[in-house]
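Here is the structure we will look at, set down as structure tokens.
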Amino acid sequence: MAQAIAHPNLALIKYWGKTDSHYNLPATPSLSLTLNQLVTTTSVELKSDLTYDQIFLNGKLVKDPKIEKFMNQVRFQANQTAYAVIKTKNNFPTAAGYASSASGFAALSVACNQEFQLGLSPQELACLARNGSGSATRSVAGGLVAWQPGNRKNSFGYQILPASEVPLAVLSFKNNRKPKNISSSKAMEAVRLTSPYYEAWVKTATDDFQQALSLIKNKKWQALLALAENNALKMHATMLSAQPAIIYWEPQTLKLIKQIQQIRHDQKLPVYATIDAGANVKLLTLKTQLPLVKEAFHDQSYVLCLPGKGAEIID
Ligand code: PMV
């Protein structure tokens, strides 16, 4: 039996659009921060007497076509026919607004690498995770992680700065409990096919990524967060312009974005908003400003996350 842990990641420059949906190859480069605090723990145990993979999510036996497809790829790669018992649990409620697929497939990849004796390099491991869910490739490494378009062998998440050197913090507001009504994969595809802004998104996302790398190199952290807010809003603009429109936001989403912008303006605090394919708002800030930021948002309920490490085997 092999057991691994992984953390979700939050994209500062978003992955939005694929060139290949079987292998989750991205149309744009992206950049994310792996988060501590929230953890997925996954164990994999090969069993010769099973006729299908048994998947337990938070203790409940479930059917999960994405995990089944992933396990078939693992078996193919390992030249194995045996099925496995997979147990995965998250320490974070869905109300925290994080998709568990990134941390889930990162932890599952690391556990499978050991249990199936795949002997994968870190890059190969990150490619495997990407097959499960695109953003999972960025949860294999810790700290700030980049992911660039390419082919199924050379498009993977890689660390550009370890967690200990990233002075950023994230407040993840619990402003929505409703499950989203359209998956990110479906939404990306709809945008690609119907939004007149998709082409502009792809072009400017590449510019944003290059600019982000240069801001990180020059330690211009606040400018990086401003760029991240703009990038997230641009991504949502592509959804609003799809036909039919995809609107993940709820009234509370807009209220929080406005509150963040107001506090930034009035109190001169470095607080910026980002939103993924859902209604939850995450606030980006600098670690050094946390006491003031916490005071400014004392009326909100949130999970505080700091930069986290990559996926790893645990005993
Ligand atoms: O990995 P997926 O298919 O869940 O897509 C994630 C897409 C966003 O969260 C909206 C952006 C990102 O880069 O994480």
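The residues in the range 178-214 that are in contact with a Gly (Cβ under 6 Å, 6 or more places away or on another chain) and not aliphatic (A, V, I, L, M) can be counted, and the count is 2. Exactly one residue out of 253, 238 is over 21 Å from residue 302 (Cα atoms) and in contact (Cβ under 8 Å) with a residue 60 or more places away in the chain: that is 238. Of the residues making up the range 213-245, those that are part of a helix (DSSP H, G or I) and of a type in the set (Ser, Thr, Tyr) are 214, 238. Quick check, is residue 145 within 15 Å of the ligand (Cβ to nearest atom) and within 12 Å of the chain's Cα centre (by Cα)? In short, yes.
Of the residues making up the range 286-315, those that are in a loop (DSSP other than H, G, I, E, B), under 30 Å from residue 120 (Cα atoms) and of a type outside the set (D, E, K, R) number 4. Being within 14 Å of the ligand (Cβ to nearest atom) and either buried (at least 16 other Cβ atoms within 10 Å of the Cβ) or over 30 Å from residue 48 (Cα atoms) (or both), is that true of even one residue in the range 111-122? No, because not a single residue in the range 111-122 is within 14 Å of the ligand (Cβ to nearest atom) and either buried (at least 16 other Cβ atoms within 10 Å of the Cβ) or over 30 Å from residue 48 (Cα atoms) (or both). Scan the range 69-79 and give yes if some residue there is within 16 Å of the ligand (Cβ to nearest atom), more than 25 Å from residue 235 (Cα to Cα) and crowded, with 23+ Cβ neighbours inside 10 Å, otherwise no. Yes; the residues of the range 69-79 include at least one that is within 16 Å of the ligand (Cβ to nearest atom), more than 25 Å from residue 235 (Cα to Cα) and crowded, with 23+ Cβ neighbours inside 10 Å. Taken over the range 57-68, the criterion of being among the hydrophobic types (A, V, I, L, M, F, W, C) and either loosely packed, with under 15 Cβ neighbours inside 10 Å or part of a helix (DSSP H, G or I) (or both) is satisfied by 61, 62, 67.
When residue 253 is tested against (1) buried (at least 21 other Cβ atoms within 10 Å of the Cβ); (2) under 18 Å from the mean Cα position of the chain (by Cα), only condition (2) is not met. What about residue 37, is it more than 16 Å from the chain's Cα centre (by Cα) and either within 14 Å of the ligand (Cβ to nearest atom) or polar (S, T, N, Q) (or both)? When the stated conditions are applied, residue 37 does not pass them.
Kindly indicate which of 214, 195, 139, 185 is modelled with pLDDT under 95 and either of a type outside the set (A, V, I, L, M) or surrounded by 15 or more Cβ atoms within 10 Å (Cβ to Cβ) (or both). Before the answer, list the steps.
Numbers: 214 fails: modelled with pLDDT under 95; 195 fails: modelled with pLDDT under 95; 139 fails: modelled with pLDDT under 95.
So the residue among 214, 195, 139, 185 that is modelled with pLDDT under 95 and either of a type outside the set (A, V, I, L, M) or surrounded by 15 or more Cβ atoms within 10 Å (Cβ to Cβ) (or both) is 185.
For the range 49-59, the set of residues classified as at pLDDT 95 or above and within 21 Å of residue 39 (Cα to Cα) consists of 55, 56, listed by residue number.
Would you check if there is a residue in the range 23-46 being more than 28 Å from residue 309 (Cβ to Cβ), at pLDDT 95 or above and assigned to a strand (DSSP E or B)?
Here is the first cut: in the range 23-46, the ones more than 28 Å from residue 309 (Cβ to Cβ) are 27.
When the remaining residues are screened for being at pLDDT 95 or above, the result is 27.
Now drop any that are not assigned to a strand (DSSP E or B), which leaves none.
Checked against the condition, which is being more than 28 Å from residue 309 (Cβ to Cβ), at pLDDT 95 or above and assigned to a strand (DSSP E or B), the range 23-46 yields no hits at all.
Counting residues in the range 65-79 that are modelled with pLDDT of 95 or more and among the small types (Gly, Ala, Ser) gives one or more.
The values are calculated or read from the model by the stated rules, or taken from the named source; none is laboratory data. All figures in this text were calculated on a predicted structure; none of them were measured in a lab. Here the Cβ is made from the backbone with ideal geometry for all residues, glycine too, and neighbour counts use every protein chain on show.
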